[in-house]
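Peer 1: This is the structure I have questions about; it appears just below.
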Amino acid sequence: MNQRFAAQQGGSLSRPQLYGGFGGFPHDGKAVLREQRFRMNLAPVYQCLFIPWLFFCAIYAVMSSSVHYYRPSLAYLTVALCGLVVLAVGWIALKLVMGKAPSTREPNWYVFLAVTMAVAWILGIVFGNLNYSATVQRYYDYISLDIFPEVNPSITQGQQVMSGGRVYFGNTSVLDVRRSIGFKNVDTYCVAPISIVQGGTTMPLQTYDFWAVGLGCCSLNTADFHCGEYNNPNAHSGLRLLEDSQRDFYRLAVQQAEAAYSIKANHPLFFYWVEDATAEMESFKGEGYKYFMIGMLAHFGWQLLSVGLAATAFSKLGYA
């Protein structure tokens, strides 16, 4: 009897895990530890996604807008104030890193926010200035100049339309390609006088003050001007050349034409030959909007990638 009881007791204790008491864990000498993970708060994630992006868009818009043209001091003041915001966020992030500000178990998104806002501030200034100088500034330069309709090259002198940005020469105007020429100085500066046609014949003028221009679209030795809309029969207008760095070289080309063709150009003005000068001017505004939208989308993609990489890094530190 005692031996049966001892056997039963021994059999029960040989499987103590069935009773949940002492010895209920495997006797392999290893403890199973669960990794402690914290759930990540999504609010700062979305803030770090949208705040720097909107920050970039605001600076990009100011530097690409009419404010930059008509009120440049206000534009740069706005940029400076945005720079102070970046410094304030950076100061908060620095205090958190140095342990002088209250912290939580959450990942320190302030550092990420400060860095990406600084990047957004710099990119907004750089790309805003690029867009402004390439498209927006030219548009507002033409807006600030006058428009002259029905200018007759045979009777109108260049001094009379000095303030013109868009000039319409009338339906009888034509390029006198026979008197075109090019001047070589690294690039080829091509010029062709704007004349009038009567009875299908291009008329000679007493003075040639209006010239169509272009870069690298003619030969030096032959009259083969093919710049702008030279072959468009509906082209009778010109958009004023605004690049000061090129104007002197075009004057030299005109002087060559005067010597080569025995003509006079008392006060030459230079234009891009187009069908509709106003539509061409508006194209600069459209290009400005296009590059602004491209910049917005590109920066959002960059910010989304940065936030994704940061969230991945934080997840490896124990946040899910």
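Peer 1: How much of the accessible area of segment 167-320, probe 1.4 Å, is carbon plus sulfur, in whole percent?
Peer 2: C and S atoms contribute 56 percent here.
Peer 1: Per-residue HN-Hα couplings for segment 191-208, Karplus 6.51 cos²θ - 1.76 cosθ + 1.60 at θ = phi - 60°, whole Hz, x for Gly and Pro?
Peer 2: Per residue, the Karplus-derived 3J(HN,Hα) values read 9, 9, x, 8, 10, 10, 10, 9, x, x, 10, 6, 7, x, 10, 5, 9, 10 Hz.
Peer 1: Can you compute the radius of gyration and Dmax for segment 214-269, using only the Cα atoms, both in Å?
Peer 2: Taking only Cα atoms of segment 214-269, I get Rg and Dmax of 12.4, 31 Å.
Peer 1: What number in nm² do you get for segment 53-174 if you take the convex hull of its Cα atoms and divide its surface by four?
Peer 2: 10.6
Peer 1: What's the ranking of 235-247, 205-217 by average number of surrounding C-beta atoms within 10 Å, highest first?
Peer 2: Highest to lowest by the protection proxy: 205-217, 235-247.
Peer 1: What's log10 of I(q)/I(0) for segment 204-313 at q = 0.19 Å⁻¹, Debye sum over Cα points only, no solvent?
Peer 2: -1.07
Peer 1: How many percent of the alpha carbon pairs in segment 135-174 exceed a separation of 12 Å?
Peer 2: The share of Cα pairs beyond 12 Å in segment 135-174 comes to 61 percent.
Peer 1: Would you kindly derive the ³J(HN,Hα) couplings of segment 276-291 from the backbone phi angles with the Karplus curve 6.51 cos²θ - 1.76 cosθ + 1.60 (θ = phi - 60°), listing them in order in whole Hz, with x for Gly and Pro?
Peer 2: 9, 5, 5, 5, 5, 5, 5, 5, 5, 5, x, 5, x, 5, 4, 5
Peer 1: Here is a follow-up. Find how many whole Å separate the alpha carbon centroid of segment 128-179 from the alpha carbon centroid of segment 249-302.
Peer 2: Cα centroid of segment 249-302 versus Cα centroid of segment 128-179: 10 Å apart.
Peer 1: Might you tell me the accessible area per residue for segment 212-272, computed with a 1.4 Å probe and given in Å²?
Peer 2: Value for segment 212-272: 50 Å² per residue.
Peer 1: Non-local amide H neighbours of Leu269 (under 5 Å, H modeled in plane, Pro and chain starts lacking H): which ones?
Peer 2: Phe210, Trp211
The values are calculated or read from the model by the stated rules, or taken from the named source; none is laboratory data. What you see is a predicted model; the values in this text were computed from it and never measured. Quick reminder, even Gly has a Cβ in these numbers, built from the backbone with ideal geometry, and neighbours come from all protein chains shown. Accessible surface is based on the protein model in full, side chains and every heavy atom, while ligands, DNA and RNA are left aside. Shrake-Rupley method; radii C 1.70, N 1.55, O 1.52, S 1.80 Å.
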